[in-house]
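The values are calculated or read from the model by the stated rules, or taken from the named source; none is laboratory data. Computed from a predicted structure; not experimentally measured. For neighbour counting, all protein chains shown are included, and Cβ atoms are generated from backbone atoms with ideal geometry for every residue, glycine included.
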Amino acid sequence: MLANVSKNVFLHASQNRVLNKAAKKWGLRFGAGQVVAGDTIEGAMKKVRELNEKGLVCTLDHLGEFVSSREEATEATQYNVRTLEAMAANGVDCNLSVKMTQLGLDIDRRFCLDNMRRILDTAKQYNNFVRIDMEDYAHCQMTLDILRELRETYDNVGTVIQSYLFRAEQDVKDLKGVPLRLVKGAYQESPTVAFQNKEDVDKNYVRIIEEHLLSGSYTAIASHDHNIIEKVKEMVEKYNIPRTQFEFQMLYGFRSELQLSLVQEGYKVRVYVPFGKDWFGYFMRRLAERPQNVAFALKGFFSK
Ligand code: FDA
């Protein structure tokens, strides 16, 4: 009951434009620094270097909420280009994750596509890869259409499929050969399009992981769930899947010990590292997802 109340409070806060805007001026607060790697490219590079030194590879996500003008989307595009340039200049082992709404998907599809082409051209120049994060169901088909169009020209782009969606299994089949990050799904979706109970989501998750791995496609399993991770370890053993065909992914600041123990066992582990001034919405969503995280938020709050 209390968990539900706090979940709703954090979800509401994450969508509050006034708070999001104010937070940009505050700088990282309330312990957000434990899950957001600074608010500048330089700060993010430092964190990525530290993670690389521990044997972890990374993907950087420049945080951005509520992009509603062409100017903001262009700015976000330029920032992503600069981030790729900084990765190359710093020689870090890191790729990029982007959200289509940040590049203007809600404004104009063509414009968004052109912005993404600029980012992919830069990535190509540095032999790097860009992953399109998956947002809510309302954007799913549009995102997959954009991916398909981009894949006609670029091989350095992939996306994310969410196992809570009924359509996930078919999408994974259709995307054979495309590098996919597989997740359970982070948004509140209607029972008309998505499984509502955890057991179904988990079952479908294992099903799509198996589907993509067995089709010989590169698969990123992005989960903090040790049960899933154990199942994947058994699966790759059983089917003799080479370790070069998959990786585990986790968020920066979550289950850091598990990340390192997987590295020690010889698995590839990629840390999803969010950074930027627009940290508030991301931080609130993480608190909503897992009320246990509130403890470190409060600690951070009182230590300011
Ligand atoms: P889940 O929340 O189902 O928890 C299962 C169990 O795992 C828990 O009961 C607990 O035992 C354990 N556990 C989970 N978190 C823990 C923690 N922090 N500490 C200790 N134990 C923990 N979503 C999306 O819709 N689009 C996207 O593009 C992405 N991208 C993405 C990238 C990466 C790298 C990750 C890790 C996740 C995403 N997600 C995402 C989010 C994803 O869809 C999902 O919401 C979260 O990962 C939560 O689901 P899990 O599988 O991690 O565990």
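General remarks:
- Of the candidates Gly55, Gly64, the single residue that is under 17 Å from the mean Cα position of the chain (by Cα) and in a loop (DSSP other than H, G, I, E, B) is Gly64.
- Exclusive hit being of a type outside the set (A, V, I, L, M, F, W, C), in contact with a helix residue (DSSP H, G or I) (Cβ under 9 Å, 6 or more places away or on another chain) and without any contact (Cβ under 8 Å) to a residue 12 or more places away in the chain, set Glu265, Glu237: Glu265
- The set of residues from the stretch 120-143 being more than 13 Å from the ligand (Cβ to nearest atom), outside any loop (DSSP other than H, G, I, E, B) and surrounded by fewer than 19 Cβ atoms within 10 Å (Cβ to Cβ) comprises Asp121, Lys124, Gln125, Gln141, Met142.
- Criterion violated by Thr159 - all others in (1) under 26 Å from Arg286 (Cβ atoms); (2) modelled with pLDDT of 95 or more; (3) within 15 Å of the ligand (Cβ to nearest atom); (4) in a loop (DSSP other than H, G, I, E, B) satisfied: (4)
- Test result for Arg17, over 18 Å from Leu251 (Cβ atoms) and surrounded by 15 or more Cβ atoms within 10 Å (Cβ to Cβ): no
- The stretch 190-208, residues that are closer than 22 Å to His139 by Cα and crowded, with 17+ Cβ neighbours inside 10 Å: Ala194, Phe195, Val201, Asn204, Tyr205, Ile208
- Lone unmet requirement of (1) part of a loop (DSSP other than H, G, I, E, B); (2) in contact with a strand residue (DSSP E or B) (Cβ under 8 Å, 6 or more places away or on another chain); (3) closer than 28 Å to Ala22 by Cβ for Ala76: (1)
- Inclusion of Leu84 among residues that are buried (at least 20 other Cβ atoms within 10 Å of the Cβ), assigned to a helix (DSSP H, G or I), modelled with pLDDT of 95 or more and more than 15 Å from the ligand (Cβ to nearest atom) is warranted.
- Where a residue in the stretch 20-41 is touching a residue at least 40 places away in the same chain (Cβ under 8 Å) and its partner, wherever it lies, is surrounded by 19 or more Cβ atoms within 10 Å (Cβ to Cβ) and among the basic types (Lys, Arg), with Cβ under 6 Å and at least six apart: Val35/Arg286; Ala37/Lys47
Conditions tested, residue by residue: (1) under 16 Å from the mean Cα position of the chain (by Cα); (2) farther than 23 Å from Lys25 by Cβ; (3) acidic (Asp, Glu).
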| position | (1), (2), (3) |
| --- | --- |
| Arg243 | no, yes, no |
| Gln249 | yes, yes, no |
| Glu257 | no, yes, yes |
| Leu260 | no, yes, no |
| Gln264 | no, yes, no |
| Val269 | yes, yes, no |
| Lys277 | no, no, no |
| Tyr282 | yes, no, no |
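- Once the stretch 240-262 is narrowed to residues that are of a type outside the set (Phe, Trp, Tyr) and in contact (Cβ under 8 Å) with a residue 40 or more places away in the chain, the residue that is farthest from Arg49 (Cα to Cα) is Glu247.
- Whichever residue in the stretch 150-174 is touching a helix residue (DSSP H, G or I) at 6+ places or on another chain (Cβ under 8 Å) and either of a type in the set (A, V, I, L, M) or on the phi > 0 side of the Ramachandran plot (or both) and, among such residues, is surrounded by the fewest Cβ atoms within 10 Å (Cβ to Cβ): Leu150
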